[in-house]
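Trainee: Before I ask anything, here is the structure I am working with.
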Ligand code: C2E
Ligand code: MG
Ligand code: MG
């Protein structure tokens, strides 16, 4: 039957007192009604009469139908149960003793609720509203046909079919109305809207099931075999409802994790916002993005990535409070809609709970994987908020959160400023050539043992004509995303080699290290182009070092490795930058076989104060030397760190203590004065005095 039952999916725990009073009221009415019918009818019916055999058969079919419900997805994404028992319940009600119909339907619903683990009051309410529903339907039928309410059996004739159908309609209205009212009281929704949703979801099925009821009643009077034939279309109804439910489920859920998908999430957010407008409170939308997921997928394989996503789905769902919706929007992006809730604190607490659950490592195939998530939250503080604006704001907050990995950020209007600025910068970057104000600075690297300057690192700078200097951390990711990094990297290599050439002419014969981005390594033309630039400037290939970070390669390892191999065949050197911050350092080194390792400045800068950092620096130096690589420590900010690095055998150092990155002009002055110092230091004391 297309039954309405008070199910958890559509019922929230709001205004519990009113709902409880209502539910208890329905139960009391039903108990009294059933008591009266039972007392007056049980003794008057000859329960062993053969006339009742078909009634027992209908009762059996009713129970069977009730215990095998089909879940039907509603248009709003919730589920309803459809069971074919409606037809048999109505047929029994029309043709048999009312007390039998009430008893069997009551027991069947109670059994089905017990199997479904439903809460006791909810189950009692469900049984009670069925008793009232059946009694009302019988009353309408009796009023229209003149049959007695408590007649033991009623023979249905063809001129009573209309009355039977009206009784069926009464059944639908009372049954769905009683539940709709409970949902309306509990969730603060309009009862009419709930009934409208029911009609849309189950309307056609209900018409078929109700329409078949008089046929079943008449067939049962005629012969058991014919009744069997009536059951056939019901099997069809049950199957097609099941298939439709499955289709709708697939359309609204993510296949990998079983979570809601974007469409369902939007529907839930729309519904939560409508409720918030009706009953108050606010809605929270949370967007989650896993840190390092791409690395896991690329290095450990997609099956591990999939297992990780399923585990994340499980953890987030476990944190989810009643009535919240967790969705996977694609890739490693998840979302949660919560509300209406009275306080923003509840949304923040949920985010903190999810964030801390996701920090616990996941073990897949015996590999311990450290994950973590950045979370952006948007709250509907005003009545204007729509699902679109909330998702957009959560996305802006997520961007902020990602900048401090593993963080939770609540949207604030000042973030819009950043977004506007970001968009403006992207527009400036996206033009042909390099953007106005683009340039390079150079930072020297010295040999630890001798103090000799051996290499320069070229670093990009962008002094925006309107916004002033923009941090590389801001403009480089933007340039990578919009493709502008290609032109900028080309310019960086060309200009740095030109600078190297000029410095050589001025008497400083050095090497140059240039950072290359992932985009550049996807370009198969790069090796040819680098060879041409080197030839044009007459710079020997081994004077050029390309610095790549681990994450650079992970994007498309095979292609990037191919390009790198060709570059190395030219004689260009390779350095792994920011070593120690990436995901799988050792396997990466094996594939890449670089010349230099640059220990990340985050370990170097605090190595004297933090023992762990020192251990990392020391073991990296040992590892690199074991593999025959040169070690460069970046981020050396004081003489003590320089001294310690020299003790540890680090080959080269770079950092503010030696020199900050500077323009070519300043660099030339710096190199000249350093050379003069070196010369002076090398001269005998007397000569210096004279
Ligand atoms: P990186 O390649 O690791 O560059 C070293 C960064 O450390 C530079 O920051 C430099 O100014 C800074 N640094 C140097 N010595 C010290 C020190 O003693 N203490 C501290 N705290 N920092 C120091 P910068 O110039 O802001 O560059 C940041 C990042 O931007 C670079 O990190 C690199 O990943 C990227 N980048 C810079 N230029 C380019 C480029 O031409 N192409 C690409 N793809 N990325 C670049
Ligand atoms: Mg670098
Ligand atoms: Mg670095």
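What follows draws every value from the coordinates through simple rules; no lab data is involved. Source: prediction; values computed, not measured. Quick reminder, even Gly has a Cβ in these numbers, built from the backbone with ideal geometry, and neighbours come from all protein chains shown.
Trainee: As I understand it, the value is the acute angle between the Cα axis of helix 120-145 and the longest principal axis of the Cα atoms of the chain; what does it come to in degrees, rounded to 10?
Mentor: 40
Trainee: Based on the Cβ-Cβ distance of residue 657 and residue 353, what FRET efficiency does E = 1/(1 + (r/R0)^6) give at R0 = 45 Å, to the nearest 0.05? Mind showing how you got there, number by number?
Mentor: Details: r = 44 Å, r/R0 = 0.97.
My answer for the efficiency is 0.55.
Trainee: Here's a follow-up. Given labels modelled 7 Å from the Cα in the Cβ direction, how far is it in nm from residue 29 to residue 162?
Mentor: For the pair residue 29/residue 162, the computed spacing is 2.9 nm.
Trainee: OK, next. Only bridges with both residues in the chain count here: give the DSSP antiparallel percent, nearest 5. Intermediate results must be reported in sequence, preceding the final value.
Mentor: On the way: 44 of 71 bridges.
Antiparallel bridges make up about 60 percent of those DSSP assigns within the chain.
Trainee: If you fit an axis through the alpha-carbon atoms of helix 161-187 and take the longest principal axis of the Cα set of the chain, what angle between them do you get, 0 to 90°, nearest 10?
Mentor: Taking Cα atoms only, the helix is inclined about 40 degrees.
Trainee: Could you rank the peptides 631-637, 245-251 by their average count of other C-beta atoms within 10 Å per residue, with the highest value first? Intermediate values should be presented prior to the final figure.
Mentor: On the way: 631-637: 24.3, 245-251: 14.7.
Result, highest mean first: 631-637, 245-251.
Trainee: In degrees from 0 to 90, rounded to the nearest 10, what is the angle of the helix 224-252 Cα long axis to the longest principal axis of the chain?
Mentor: 20
Trainee: Sticking with this structure for a sec: Using only the alpha-carbon atoms, what does the range 251-327 span along each of its principal axes? Please give whole angstrom values in decreasing order.
Mentor: So the three principal-axis extents are 49, 25, 18 Å.
Trainee: Between residue 193 and residue 384, what FRET efficiency follows from the Cβ-Cβ distance if R0 is 22 Å, with the result rounded to 0.05?
Mentor: Values: r = 22 Å, r/R0 = 0.98.
The value I calculate is 0.50.
Trainee: For residue 239 and residue 627 in one chain, what is 0.36 nm times their gap in residues minus the Cα-Cα distance, to one decimal in nm? Each step should come with its number before you reach the end.
Mentor: Working: separation 388, 0.36 × 388 = 139.68 nm, distance 6.58 nm.
In short, 133.1 nm is gained.
Trainee: Same structure, new question: With a Förster radius of 45 Å, plug the Cβ-Cβ distance of residue 427 and residue 566 into 1/(1 + (r/R0)^6) and report the FRET value to the nearest 0.05.
Mentor: After rounding to 0.05, the efficiency reads 0.85.
Trainee: If I model a spin label as a point 7 Å beyond the Cα along the Cα-Cβ vector, how far apart are those points for residue 640 and residue 44 in nm?
Mentor: Those two pseudo-labels are separated by 10.1 nm.
Trainee: Continuing with this model, one more query. Between rounded, prolate and oblate, where does the range 301-443 land on the alpha carbon gyration tensor, with a ≥ b ≥ c its root eigenvalues, rounded for a/c under 1.5, else prolate if a/b exceeds b/c?
Mentor: Details: a/c = 2.37, a/b = 1.28, b/c = 1.86.
In terms of gyration-tensor shape, oblate.
Trainee: Testing the spin-label approximation: label points 7 Å from Cα along Cα→Cβ at residue 200 and residue 502. State their distance in nm.
Mentor: My value for the distance between the label points is 6.9 nm.
Trainee: So between residue 609 and residue 452, what do we pick up on full extension, going 0.36 nm a residue minus the alpha carbon distance?
Mentor: Result: 53.8 nm gained on full extension.
Trainee: Sort the following peptides by mean Cβ neighbour count (other Cβ atoms within 10 Å, averaged over residues), highest first: 292-298, 93-99.
Mentor: Peptide ranking by packing, descending: 93-99, 292-298.
Trainee: Return a whole-number percent for the relative contact order of the chain, with Cα pairs under 8 Å and 6 or more residues apart as the contact set.
Mentor: Details: 1101 pairs, mean separation 59.2, N = 690.
Relative contact order, the chain: 9 percent.
Trainee: Could you let me know the centre-to-centre spacing of the range 192-209 and the range 621-671, using Cα atoms, in angstrom?
Mentor: So the separation of the two Cα centres works out to 74 Å.
Trainee: Packing-wise, with mean Cβ within 10 Å as the measure, how do 473-484, 386-397 rank, highest first?
Mentor: Values: 473-484: 17.5, 386-397: 19.6.
So the peptides 473-484, 386-397, ranked by packing, come out 386-397, 473-484.
Trainee: Roughly how many whole Å is it from the C-alpha centroid of the range 345-373 to that of the range 429-443?
Mentor: Taking the Cα centre of each part, the range 345-373 and the range 429-443 sit 39 Å apart.
Trainee: On to the next question. Taking the Cα atoms of the chain, what is the range of coordinates along each of the three principal axes, in descending order and whole Å?
Mentor: 135, 48, 46
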